[in-house]
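First comes the structure, then the notes that go with it.
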Amino acid sequence: MKNVTITVEDSVLEWARVEAARRGSSVSRMVGEMLAEKMRQEDAYAQAMRNALRFETWGVSDGPYLTRDEMYERARFR
């Protein structure tokens, strides 16, 4: 573990102290947990983006696409 010094406004520090006490934690531990959660979210988002960009198609068309009228005509008979 490494120590980090941060600069925050007095009102932010007061909120952090109250919030940490409410959680039964320290400001240091709470900030560390917040940063770790942010890192997990960013990693999950980046992985989802990589997966989405790898996505190629829902399927392969073996012929011309249907016209709008043909699609509605097929849907009407189902």
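Inspect all residues belonging to the range 35-53 and state whether any of them is of a type in the set (Lys, Arg), surrounded by 10 or more Cβ atoms within 10 Å (Cβ to Cβ), over 20 Å from the mean Cα position of the chain (by Cα) and in a helix (DSSP H, G or I).
no
If I go through the range 13-26 residue by residue, how many of them are of a type in the set (A, V, I, L, M) and over 25 Å from the mean Cα position of the chain (by Cα)?
Residues in the range 13-26 being of a type in the set (A, V, I, L, M) and over 25 Å from the mean Cα position of the chain (by Cα): 3 in total.
Take VAL31 and decide whether it is surrounded by 10 or more Cβ atoms within 10 Å (Cβ to Cβ) and either in contact with a His (Cβ under 9 Å, 6 or more places away or on another chain) or touching a residue at least 24 places away in the same chain (Cβ under 8 Å) (or both).
The answer is yes for VAL31.
Restricting to the range 54-78, count the residues that are surrounded by 10 or more Cβ atoms within 10 Å (Cβ to Cβ) and part of a helix (DSSP H, G or I).
Qualifying residue count, the range 54-78: 5.
In the range 2-26, what residues are charged (D, E, K, R), within 19 Å of ALA36 (Cβ to Cβ) and not in a helix (DSSP H, G or I)?
Within the range 2-26, LYS2 is the sole residue that qualifies.
Every number in this text was worked out from the coordinates using simple rules, so none of it is lab data. Note that the coordinates shown come from a computational prediction; the quantities given were computed from them, not determined experimentally. Note that each Cβ is placed from the backbone with ideal geometry, even for glycine, and that neighbours are counted across all protein chains shown.
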